Amino acid sequence: MEVYSEFQDEFLTGPANWIYRSEFDDHEDILLTRSVLRYCFPLYSFYGGGADFLVLRFDTKPCQILYLDHEWGYSVSGRAIVGYGFSDFMTTWSNLGYPAIDRDSVFFDEEQGAISDKTESAQAWVRWLNE
């Protein structure tokens with residue numbers, strides 16, 4: 001609970017309180033992000049790399065794994081979703097060797113809407129790791 005509370009405090013009162021996405025005029029993404037963050041548990045923070053977070057969104061079934069990028073205003077939609085279901089995400093990510101992932105990841109499968117170890121680039125990466 002302490003980790004969750006610290007994460008929530010960071011977004012409610014800390015420097016991360018500047019949730020925005022300048023490319024949206026209707027602010028729907030801002031409202032969605034603000035409402036969803038209370039259902040997110042931090043799995044990993046990238047404070048050294050700019051205050052990004054990998055979080056478990058537990059108000060969906062299956063849960064979603066989100067990459068919250070400070071440069072994208074911590075948006076929770078679109079390519080911010082990097083996985084569905086904690087176990088499936090961890091299996092996929094471990095099959096890839098735990099590479100850096102974000103909304104621009106080469107391992108993102110547009111059809112699946114998450115990272116995948118089944119794409120051509122992922123398979124090439126795994127082959128290279130095994131050499």
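Using the Stokes-Einstein relation with a Kirkwood hydrodynamic radius computed over Cα pairs, the translational diffusion coefficient of the stretch 56-119 at 4 °C and a viscosity of 1.567 mPa s comes to 111 µm²/s.
Packing order of peptides 121-128, 38-45, 76-83, highest average first: 76-83, 38-45, 121-128 (average count of other Cβ atoms within 10 Å over each peptide's residues). Computed with a 1.4 Å probe over protein heavy atoms only, the accessible area of Ile101 comes to about 10 Å². Counting only Cβ charges, +1 for Lys and Arg and -1 for Asp and Glu, the dipole size of the stretch 78-131 around its Cα centre is about 100 debye. Charge tally around Tyr67: other residues with Cβ under 12 Å, Lys/Arg +1 each, Asp/Glu -1 each, net -2. A DSSP coil position with no more than 14 other Cβ atoms inside 10 Å describes the following GluC sites (Glu not before Pro) in the stretch 67-121: Glu110, Glu111.
The values are calculated or read from the model by the stated rules, or taken from the named source; none is laboratory data. Treat the numbers as computed from the prediction; the structure is a model and nothing was measured. No Cβ is skipped: glycine too gets one built from the backbone with ideal geometry, and neighbour counts run over all protein chains shown. Heavy atoms of the whole protein, side chains included, go into the accessibility calculation; ligands, DNA and RNA do not. Shrake-Rupley method; radii C 1.70, N 1.55, O 1.52, S 1.80 Å.
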